[in-house]
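These notes concern the structure reproduced below.
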Amino acid sequence: MDRTASRVGILLLLSTLVIGSCNFLQVANKPDDQAITSDVQANLFADPVLKTRDIRVTSENGVVTLSGGVGTDLEKAAAVRLAGKVKGVSQVVDQLEIQTAVAEAITEPAASEAPAQDVFTAKVPPPATKTPRTKTYRNAAPEPSAAPAAMTPGPAETARASEPAPPPASKPVAEPPPPPQPQTFTIPAGTVVTVRMVDAIDSSRHRPGEEFAATVDAPIAVGERVIIPRGSDARVRLIESQSAGRIKGQSELQVELVGVAVDNMTYAVETSVVEKKGASEGKRTAATVGGGAVLGGLIGAVAGKGKGAAIGAAVGAGAGTAVGAATKGQQVNIPSEAKLDFTLKVPLSVTKYPAE
């Protein structure tokens, strides 16, 4: 009898131990719903799109329920997928709704805002380098060992990555400044233009109408701007050429300035006339004839007394006339390097181009 009672007591003790062990194992294996809720919230907050949505998370015995609102079906699928990745989740119950206001905010940005990259083109930062901000969640922060697993691209991320980036804004091209324009200057009438002859002019060889080379000997300015520089080419025209005769008359040259060259452009000018005259031959011829007559008279007087004086005078006069006829009149010329001053009769307009 005592042995039977002992056996019964041992059996009761073993049963109690087995039942207690089962209860202990059941309690030990029960999922931590608070940690699961925190981990799911951390995964949703790590997504740059889903963290802006009103998603509520509850967990009971490893069954996670998602409720609230999202913008698209892609966002709903991404939320369910991220919740299912958390350790200890046995099932995800999807009670999310697509809210019309959120969808319109995605597809129709405000007209007053400049076009910008929407939420679907934002890059998802690697979860391993970003610590979840769990201080806004109630009940407890997730333990360090329960860090969210690395995410793999899902439908929402793939759709965002496939959209092209907006083109860079083009910079305005600055227009080149307009080229400098030429200016026209007017040299007034009465201005003296001094030239130095290059060619010589001779009354015995040159005829009216011929032109001769010269250069401007002094610069001509309007205000402080030199319009015709010294050394500019010029042209002088012979308008009158008269050579002295054998008996009477004198040599004469009349010239005028007809053109100057400035910046490879020749300008016609109208100036006063410069005259050059030689000595008159009339007095010189009379003196020669008179001297011959006096000399002839003296010779005749000596040779033939009174009558011879008259004959000698006639002969001497004839000889003087012959000498005068044989002597050519004095000629005039304008040598090279001679300086001549001409005065403008009318104003001269000169166009100056800016230096390149």
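Each reported figure results from applying straightforward, stated rules to the coordinates on display, with no laboratory input. Computed from a prediction, not measured in an experiment: that's the story for all the values here. Virtual Cβ from ideal backbone geometry, glycine too; neighbours counted across all protein chains shown.
Proximity of backbone amide H atoms, modeled 1.01 Å from N, is registered between Ile239 and Gly209, Gln254, Val255, Glu256 at under 5 Å, excluding neighbours fewer than 5 places apart on the same chain. Please compute the net charge surrounding Gly190, taking Lys and Arg as +1 and Asp and Glu as -1 over other residues with Cβ under 13 Å from its Cβ. Net charge around Gly190: -1. If Lys and Arg each add +1 and Asp and Glu each add -1, what is the summed charge of the other residues whose beta carbon sits under 14 Å from the beta carbon of Thr65? Residues close to Thr65 contribute a combined charge of -2. Relative protection proxy for 228-234, 250-256, from highest mean packing down: 250-256, 228-234 (other beta-carbon atoms within 10 angstrom).
Applying 1/(1 + (r/R0)^6) with R0 = 41 Å to the Cβ-Cβ distance of Arg230 and Lys276 gives a FRET efficiency near 0.95. Using the Cβ atoms and a cut-off under 12 Å, what net charge is assigned to the surroundings of Leu253, where Lys and Arg are +1 and Asp and Glu are -1? Net charge around Leu253: -1.
The H on the amide N of Thr343, modeled in the peptide plane, is under 5 Å from the matching H of Val193, Ser272, each at least 5 residues off or on a different chain.
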